[in-house]
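Just below is one structure, and these are the notes that go with it.
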Amino acid sequence: MQPPKNGNLSEMPLLEFVLEGFEGGPQTQALLFALFLALYVVAVLGNLTMIVVITLDAHLHSPMYFFLKNLSFLDLCYSSIIAPKALANFLSSSKVITFKGCATQFFFFSMMGTTEAFLLAVMAYDRFMAICSPLLYPITMHPSVCACLVLGSYCGGCFNSILQTSFTFSLPFCSSNHINHFFCDVIPLLQLTCTNTAINKLVMFGLCGLIIVGTTLVVLVSYGYITVTILRMRSGGGRHKLFSTCGSHMTAVSLFYGTVFVMYAQPGAVQSMEQGKVVSVFYTLVIPMLNPLIYSLRNKDVKDALQRLIQKHIAT
């Protein structure tokens with residue numbers, strides 16, 4: 001369905017959107033296709049490798065790596081929700097996505113992103129218990145507890161996504177059906193409505209702010225106690241190993257929370273949609289690509305497990 005010349009859709013039912021993506025001619029679109037494809041392939045291979053290595057190596061069957069495997073799964077899903085459609089649109093002239101397809105993409109994108117925020121906080125709490133209360137760690141982080149924490153993260157993500165999706169897609173879209181983005185995100189969708197979106201923006205900023213601030217506090221408090229505990233250690237080697245492990249998590253947390261806060265947790269943080277698209281590329285593709293590299297390159301246990309897996313494969 002093509003929009004009428006005046007760009008108004010108020011007199012017809014909205015069946016589809018057009019994802020405008022990035023500006024530029026065929027050459028620019030081809031370059032963007034190559035960039036997105038490279039980022040997506042590395043993200044898929046990196047996260048699949050982490051999942052396989054942690055699953056197959058018995059040395060990594062611990063709470064920390066159980067959470068890390070779930071983080072890799074989330075990153076894999078997170079990027080796969082966005083990248084395939086974006087790649088197809090770079091090579092297409094229509095760039096159409098159905099109304100239901102847009103709502104579905106938005107729902108799963110929101111769910112996975114929120115779940116990752118909760119999971120990063122859970123991972124910080126896991127490190128806090130392991131380092132600050134090692135004697136209680138086997139009880140407090142029992143496998144059933146770990147499973148409940150992961151399930152709780154998904155439930156929190158699903159709850160936020162249901163609210164965000166229902167509030168957004170219940171609005172009347174009559175300004176235009178052209179979304180000024182490369183995927184269905186809340187901010188460009190709100191720009192297409194012909195009604196007051198104050199409540200929607202309040203819900204979005206309120207929920208995102210609450211989730212980001214709440215999970216960030218868990219991370220900061222956990223790592224505050226962790227830092228004090230590590231500094232009190234007499235063993236320099238032990239301090240270095242713990243700082244290396246925790247440093248990987250803090251790097252991943254800083255990248256994720258920083259970009260999400262810029263986009264969703266404060267009104268007017270992104271000055272233009274073109275700037276917003278660049279930020280979106282970072283948290284939908286770059287971070288899922290970097291996370292397995294961060295955790296594998298800075299983690300001796302993961303590198304050793306990967307070597308054992310390769311050696312075992314060569315021997316057979």
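The values are calculated or read from the model by the stated rules, or taken from the named source; none is laboratory data. Please read these numbers as outputs of a predicted model, since none were measured by experiment. FYI the Cβ positions are ideal-geometry reconstructions off the backbone, even for glycines, and counts take in every protein chain you see. Calculation scope for accessible area: heavy atoms of the full protein, side chains included, ligands and nucleic acids excluded. Shrake-Rupley method; radii C 1.70, N 1.55, O 1.52, S 1.80 Å.
Summary table below
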{"read-out": "Segments 78-85, 39-46 sorted - mean Cβ within 10 Å per residue, highest first", "value": "78-85, 39-46"}
{"read-out": "Note, ³J(HN,Hα) from phi for the stretch 28-41, Karplus 6.51, -1.76, 1.60, rounded to Hz, x at Gly and Pro", "value": "5, 5, 5, 5, 5, 4, 5, 5, 4, 5, 5, 4, 5, 4"}
{"read-out": "Cα long-axis angle, helix 63-90 against the chain (0 to 90 degrees, to the nearest 10)", "value": "20 degrees"}
{"read-out": "Protein accessible area in the chain, 1.4 Å probe - carbon and sulfur %", "value": "69 percent"}
{"read-out": "Those Cys residues of the chain for which no other cysteine Cβ falls under 4.7 Å", "value": "Cys77, Cys132, Cys146, Cys148, Cys155, Cys158, Cys208, Cys246"}
{"read-out": "C-alpha center-to-center spacing [the stretch 183-202, the stretch 273-316] in angstrom", "value": "34 Å"}
{"read-out": "Mean Cβ count within 10 Å, highest first, over the residues of peptides 160-172, 15-27", "value": "160-172, 15-27"}
{"read-out": "Residues of the stretch 89-125 with amide N under 11 Å of the 7 Å Cα→Cβ point at Leu37", "value": "91"}
{"read-out": "Backbone HN-Hα couplings from phi across the stretch 103-110 [Karplus 6.51/-1.76/1.60, Hz, Gly and Pro as x]", "value": "5, 5, 4, 4, 4, 6, 4, 5"}
{"read-out": "Inter-part distance where the stretch 135-156 and the stretch 65-82 are each reduced to a Cα centre, Å", "value": "18 Å"}
{"read-out": "For Ile179, residues with placed amide H under 5 Å, excluding near neighbours", "value": "Val18, Leu19, Glu20"}
{"read-out": "Helix-only mean residue ellipticity at 222 nm for the chain, each DSSP H run of n ≥ 4 adding -39500 (n - 2.57), per residue, nearest 500", "value": "-25000 deg cm²/dmol"}
{"read-out": "Calculated from backbone phi, Karplus (6.51, -1.76, 1.60) coupling profile of the stretch 204-218 in Hz, x at Gly/Pro", "value": "4, 5, x, 5, 5, x, 4, 5, 5, 5, x, 5, 5, 4, 4"}
{"read-out": "Computed Kirkwood radius, in angstrom, where 1/r is averaged over Cα pairs of the chain", "value": "21.1 Å"}
{"read-out": "Surface per residue (accessible, 1.4 Å probe) for the chain, Å²", "value": "48 Å²"}
